[in-house]
Amino acid sequence: MCPPPDSDAAVTNGTEEMVPIVTDAPALPPSLNERTNGTNGVNGTNGTNGHSAPPSGKHKGAYGRASDFLSNTSNWKIIESTLREGEQFANAFFTLETKIKIARMLDEFGVEYIELTSPAASPESRAHCEAICKLGLKRTKILTHIRCHMDDARLAVETGVDGVDVVIGTSSFLREHSHGKDMTWITKTAIEVIQFVKSKGIEIRFSSEDSFRSELVDLLSIYRTVDKIGVNRVGVADTVGCADPRQVYDLVRTLRGVVSCDIETHFHNDTGCAIANAYAALEAGATHVDTSVLGIGERNGITPLGGLIARMMVADPEYVKSKYNLHMLREIENLVAEAVEIQVPFNNYITGFCAFTHKAGIHAKAILANPSTYEILNPADFGMTRYVSIGHRLTGWNAVKSRVEQLNLQLTDDQIKDATAKIKELADVRTQSMEDVDMILRIYHTGIQSGDLQVGQSAVLDRLLEKHMPSRDSSPARGAKKSRTDTTV
Ligand SMILES: [Zn+2]
């Protein structure tokens, strides 16, 4: 179904200073429509197979639409795989101490599951799995991810996990060049492993690997078989990152008509579709999405936790806020970034350095009037702050006025417009730092108050600035560094 992908991803990082300013939080627009969720086979109670299909939350997204009855965008769960998929990230080497920190934070955040590396991978992996199972996490169930093999299954059930995720390659690529087994062997072994794990009273998921390059008839056949013997979830995995949202929607919708158990999905991000694919899967009736913090994983990783949250917040903000402790997102990302020695990308969803920074004058003006004009996510929901950048040539007097008010300076609109003209003039030469902008405004204010300066006296203002900002042009380094001139609103 998909051609083999070939992609590399590079991440650049922003580390510039941010200076905050504060305004009221925006109210998201009222929902455009409401609907009740339909009768797809959501297994809300983990462990019972079949269509429980509880009516889920109302669709409250700002841009909600009349979705079809399959959609689970208001009824889904996260399987957080930073401690399994994420351990396959090129830079990852998690000590037990780090794994415990991550596990505890994800539990506090509220993810429904965490997935750990197979205990069969190494003696340390097994010890870590056992140790994390003993933590007594409050909300989060613990899974481990194993090959479809009885030896692995026996090890897994002894670690104390709440469930086992079994995976096997079903594409011809993997059947021929990886494990070398045919579908008959796969089916027979899957039944044996599933029945064994079920006999231990814990959850079991069966997933194909490389699902989108597998024969549809093979997939549906094995999913139907494992569903009949009572698996909790079947898994669809875009292991090579080749799928697009339409393919995902089609496959999950078809699968939804074949099995009654929950449907877990796993999307790699080689071609940038991991979040969109997860969303399409939920729209088609999937129930669980695999994520990792910052998307770390094999190659360039999978659906990022924060990115999925951002996407789902637009679909149904109240549902997402009711499930997760969103203010922890930044802390979790910082912890994982530090553990794997990377920076949080400048354009990261929600927590990126510029995720809530507004620059153009026309944007700043509208944001100051009503943040929903240019924001679909409210930074306050995540403990984040909105910024309006003001020390640049694109700035506008409304943004400057906001800063004047924060500094508690008494200036008329005409005076603020006059000061803004000077800021723009200077910023045409180089971006002005926040300190520069503040100083210009203070000097302008003092000049007005003392009577030394009148509106429109640009040359007088220049002399005042030269007198009171002697270092303004003296340091060659000042122009080299693009200082942020931001104000929180
Ligand atoms: Zn993966």
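The values are calculated or read from the model by the stated rules, or taken from the named source; none is laboratory data. Keep in mind that this is a model prediction, so the values were computed, not measured. Methodologically, a virtual Cβ is constructed for each residue, glycine included, from the backbone with ideal geometry; neighbour enumeration extends over all protein chains shown.
Quick look at the numbers
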| quantity | calculated |
| --- | --- |
| Output for segment 263-303, where each listed residue is surrounded by fewer than 24 Cβ atoms within 10 Å (Cβ to Cβ), within 10 Å of the ligand (Cβ to nearest atom) and among the acidic types (Asp, Glu) | Glu298 |
| Residue check for Tyr387: among the aromatic types (Phe, Trp, Tyr) and in the same structural domain as His266 (by TED's automatic domain parsing) | no |
| Filter result for the condition that a residue is acidic (Asp, Glu), assigned to a helix (DSSP H, G or I) and closer than 22 Å to Lys323 by Cα, over Asp151, Asp107 | Asp107 |
| In segment 362-403, the residues that are among the aromatic types (Phe, Trp, Tyr) and outside any helix (DSSP H, G or I) | Tyr374, Tyr387 |
| Members of segment 262-290 that are of a type in the set (S, T, N, Q) and more than 15 Å from the chain's Cα centre (by Cα) | Thr265, Thr271, Thr287 |
| Subset of segment 368-402 that is surrounded by fewer than 19 Cβ atoms within 10 Å (Cβ to Cβ) and of a type in the set (A, V, I, L, M) - its residue that is modelled with the highest pLDDT | Ala380 |
| Segment 67-85 residues that are assigned by TED's automatic domain parsing to the domain that holds Glu209 and away from the ligand (no atom under 16 Å from the Cβ), paired with ones that are among the small types (Gly, Ala, Ser) and part of a strand (DSSP E or B) (beta carbon under 6 Å, 6 or more apart) | none |
| Residue within segment 392-404 that is in contact (Cβ under 8 Å) with a residue 24 or more places away in the chain and in contact with a Phe, Trp or Tyr (Cβ under 8 Å, 6 or more places away or on another chain) present | no |
| Filter result for Glu97 (more than 16 Å from the ligand (Cβ to nearest atom) and more than 15 Å from Ile142 (Cβ to Cβ)) | yes |
| Scope segment 253-273; condition under 21 Å from Leu305 (Cα atoms) and in contact (Cβ under 8 Å) with a residue 12 or more places away in the chain; matching residues | Asp262, Ile263, Glu264, Thr265, His266, Phe267, His268, Asn269, Asp270, Thr271, Cys273 |
